[in-house]
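Written out below as structure tokens is the structure these notes cover.
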Amino acid sequence: MAETLTILGLESSCDDTAAAIVRHRPGQPGEILSSVVAGQAALHAAYGGVVPEIAARAHAEKLDICVEQALSQAGLTLREIDAIAVTAGPGLIGGVLAGVMCAKGLAAGADLPLIGVNHLAGHALTPRLTDALAYPYFVLLVSGGHCQFLLVRGPETFTRLGGTIDDAPGEAFDKTARLLGLPQPGGPSVEAEARKGDPARFAFPRPLLARDGCDMSFSGLKTAVRRARDALVAEKGGITRQDRADLCAGFQAAVADVLAEKTRRAAKLYLAEAPSAPAFAVAGGVAANQVIRGRLQAVAMQAGVRFLAPPLALCTDNAAMIAWAGVELFRAGHRDGMDLVARPRWPLDVASGALLGGGRKGAKA
Ligand code: KG4
Ligand code: ZN
């Protein structure tokens with residue numbers, strides 16, 4: 001049987017600099033010995049989005065510090081690490097480069113194997129770290145930068161069942177919040193407002209529901225919210241608190257309807273594979289939304305599929321998921337050399353071709 005592995009993971013593909021150490025004993029779930037995440041939200045706050053140059057510089061400054069903290073929190077030195085895993089894409093190229101350069105330096109200096117990890121694979125493999133889920137299962141990645149259904153067959157074998165053709169839902173939440181003068185990140189503030197609102201007052205579109213398959217679109221929804229707001233402003237000179245709550249509730253209901261229906265279809269495609277222990281996992285910041293999570297859970301129950309939502313800290317960007325993907329890839333015999341390249345685009349499922357969009361925050365895969 002394979003030996004115990006202790007892997008250091010690095011993540012820097014968007015606006016979180018992260019380092020983590022994961023240990024895996026064969027036959028047991030993964031153990032997160034440390035997980036350090038240094039967010040950059042404050043650096044980008046004034047610009048209304050992630051500024052790639054600022055992000056790359058901050059990653060270059062913070063990576064070493066995060067690695068030191070991850071080692072010291074785990075009570076380990078580099079000598080006790082078996083390999084370095086690093087996000088090699090997809091994402092903002094400057095940040096990915098900073099991570100890959102740092103990982104190469106560590107691997108060369110400590111004479112350790114290097115493993116390049118696809119950031120999306122990190123998200124998609126997280127349920128194996130947390131719950132030792134058996135292949136094949138399917139995942140919905142839903143955040144500010146991602147929105148896709150993936151059928152996960154192995155650490156390097158994914159089939160994309162569908163995804164957004166424009167904005168990611170988290171991005172739509174953030175833009176809706178901005179339109180209505182609510183604080184960022186928009187997801188939690190729109191969700192809080194929606195609790196006080198009537199989801200039926202505004203009839204917002206459910207884009208692409210009429211089209212077969214699991215592709216989604218969210219940019220029209222945000223435009224519909226803007227039109228409804230503008231109509232209210234034109235009619236009475238402004239919007240009331242109740243108007244705002246109703247707009248949020250209507251928007252959230254539309255996102256939830258689309259995600260629920262597309263999940264139902266993705267489940268059907270997945271179940272056609274006759275998995276012995278069917279399972280569906282969500283990942284990404286939007287999975288924190290109680291209404292959306294409840295709807296997805298209900299769809300899974302109806303389809304007879306186990307539903308999993310990893311803890312939020314492992315749903316949002318982190319390096320434990322990269323270290324874990326490193327464990328799986330290492331066991332599969334995967335090693336990279338000093339010629340490992342940083343890739344701004346890196347679709348997990350090459351056969352399905354690239355999506356048109358993947359969200360403002362980077363992962364255009
Ligand atoms: O996974 P994440 O931290 O970062 C990436 O986008 O990669 O996700 C952040 C996104 C933001 O767009 C945020 O507004 C959204 O997730 N989000 C939510 C909620 N909490 C965070 N969206 C809807 N409802 C929430 N409760
Ligand atoms: Zn991510």
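The values are calculated or read from the model by the stated rules, or taken from the named source; none is laboratory data. Treat the numbers as computed from the prediction; the structure is a model and nothing was measured. Quick reminder, even Gly has a Cβ in these numbers, built from the backbone with ideal geometry, and neighbours come from all protein chains shown.
For the reader, a short list of remarks on this structure follows.
- Take the conditions (1) within 21 Å of SER13 (Cα to Cα); (2) at pLDDT below 95; ALA320 misses just one of them, which is (2).
- Odd one out for THR263 among (1) closer than 23 Å to THR316 by Cβ; (2) within 15 Å of ligand 1 (Cβ to nearest atom): (2)
- Residues that are away from ligand 1 (no atom under 14 Å from the Cβ), outside any loop (DSSP other than H, G, I, E, B) and closer than 24 Å to VAL22 by Cα occur in segment 157-179; there is at least one.
- Residue in segment 274-284 that is outside any helix (DSSP H, G or I) and free of Cβ contacts under 8 Å to residues at least 12 places away in the same chain present: yes
- For segment 258-290, taking the residues that are in contact with a helix residue (DSSP H, G or I) (Cβ under 8 Å, 6 or more places away or on another chain) and not hydrophobic (A, V, I, L, M, F, W, C), the one that is farthest from PRO207 (Cα to Cα) is identified as PRO278.
Each row is one residue, and each column tells you yes or no for (1) out of contact with any helix residue (DSSP H, G or I) (no Cβ under 7 Å at 6 or more places or on another chain); (2) among the small types (Gly, Ala, Ser); (3) within 14 Å of ligand 1 (Cβ to nearest atom).
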site: LEU114; (1), (2), (3): no, no, no
site: HIS119; (1), (2), (3): yes, no, yes
site: ALA124; (1), (2), (3): yes, yes, yes
site: LEU129; (1), (2), (3): no, no, no
site: ALA132; (1), (2), (3): yes, yes, no
site: LEU140; (1), (2), (3): no, no, yes
site: GLY144; (1), (2), (3): no, yes, yes
site: CYS147; (1), (2), (3): no, no, yes
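- The residues of segment 301-317 that are surrounded by 18 or more Cβ atoms within 10 Å (Cβ to Cβ) and within 16 Å of ligand 2 (Cβ to nearest atom), listed by number, are ALA309, PRO310, LEU314, CYS315, THR316, ASP317.
- Some residue of segment 322-330 being within 13 Å of ligand 2 (Cβ to nearest atom), under 28 Å from ALA108 (Cα atoms) and under 15 Å from the mean Cα position of the chain (by Cα): yes
- Residue that is at pLDDT 95 or above, of a type in the set (A, V, I, L, M, F, W, C) and not in a strand (DSSP E or B), where the choices are LEU33, LEU71: LEU71
- Subset of segment 164-193 [β-branched (Val, Ile, Thr), more than 12 Å from PHE251 (Cα to Cα) and over 15 Å from the mean Cα position of the chain (by Cα)]: ILE165
- Identity of the residue in segment 38-71, touching a strand residue (DSSP E or B) at 6+ places or on another chain (Cβ under 8 Å) and farther than 22 Å from LYS104 by Cβ, that ends up surrounded by the fewest Cβ atoms within 10 Å (Cβ to Cβ): GLY39
- Every residue from segment 239-274 that is at pLDDT below 95 and not aliphatic (A, V, I, L, M): GLU273
- Members of segment 173-196 that are buried (at least 17 other Cβ atoms within 10 Å of the Cβ), of a type in the set (A, V, I, L, M, F, W, C) and either more than 23 Å from THR263 (Cα to Cα) or modelled with pLDDT under 95 (or both): ALA177, LEU179, LEU180, LEU182
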